[in-house]
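Here is the structure we will look at, set down as structure tokens.
The values are calculated or read from the model by the stated rules, or taken from the named source; none is laboratory data. If you're wondering where the values come from, they're calculated on a predicted model, not measured in any experiment. Cβ atoms come from the backbone with ideal geometry, glycine included; neighbour counts cover every protein chain shown. Surface areas here come from the heavy atoms of the whole protein model, side chains and all, with no ligands, DNA or RNA. Shrake-Rupley method; radii C 1.70, N 1.55, O 1.52, S 1.80 Å.
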Amino acid sequence: MRSKFRARRVNPMIENPSPLIPYPLRILGIDPGLRVTGFGILDKSGEKLNYVASGCIKTSGGELALRLKTILDGVSEVIAQYQPQQVAVEKVFVNVNPQSTLLLGEARGAAICAVVGKDLPMSEYTALQVKQAVVGKGHAKKEQVQEMVRRLLRLPGNPSPDAADALACAICHAHVGLGRLAISGLRMKRGRMV
């Protein structure tokens, strides 16, 4: 008589498609901003995403150099506390106001300096790519991103807009960036696939 239950054979190449990507993998998403920089951390195990933490690094109005230092120190503190293995950062878009674009670029640079200072692999995604990966359409509204982040990570409520954008960036990396790495057998080095 045959048993109803069969032992399932685990294929390590399917369970973990690339030995270069450890599972569970902790991903830090960063949504840079001069006033508020959002961060979101999640763990990826296979296809499952688990929420770890999220929040905002807020700078007080004042001298630009001190605000950038606050971002640098805040991201460094998040990295030290949560020990992510990979980082995803949202790219700067060109704004109507060139001064705002420059200031956003400086805030983004401070966050990136904290990441590369810890020798972490980093990937960059446009807002369009992030929204496409999370919501399914690249021109989704902030509220739609918040709602989908809440659903995908099974959160009791919507995170703040900046934290939701950072979590969305991490989700995008988990779905899009790591998929490309796993399929190709490549790895990330300083934001580039090698």
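Here are the numbers for the structure shown:
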{"quantity": "In order through the range 156-173: 3J(HN,Hα) via Karplus (6.51 cos²θ - 1.76 cosθ + 1.60), integer Hz, x for Gly, Pro", "calculated": "x, x, 6, x, 4, x, 5, 5, 5, 5, 5, 5, 4, 5, 5, 5, 4, 5"}
{"quantity": "Gain upon complete extension [residue 81, residue 126; 0.36 nm per residue less C-alpha separation]", "calculated": "13.5 nm"}
{"quantity": "Within the range 66-91, backbone nitrogen closer than 20 Å to the virtual label 7 Å beyond the Cα of residue 119 toward Cβ", "calculated": "76-88"}
{"quantity": "Proximal aspartates and glutamates to residue 141, defined as alpha-carbon separation beneath 14 angstrom and excluding residues fewer than eight positions away on the same chain", "calculated": "162, 165"}
{"quantity": "Gap separating the Cα centres of the range 110-137 and the range 39-95, nearest whole Å", "calculated": "10"}
{"quantity": "Largest-first ordering by accessible area, 1.4 Å probe, given options 122, 148", "calculated": "148, 122"}
{"quantity": "Virtual spin-label span in nm between residue 160 and residue 23, 7 Å along Cα→Cβ", "calculated": "3.4"}
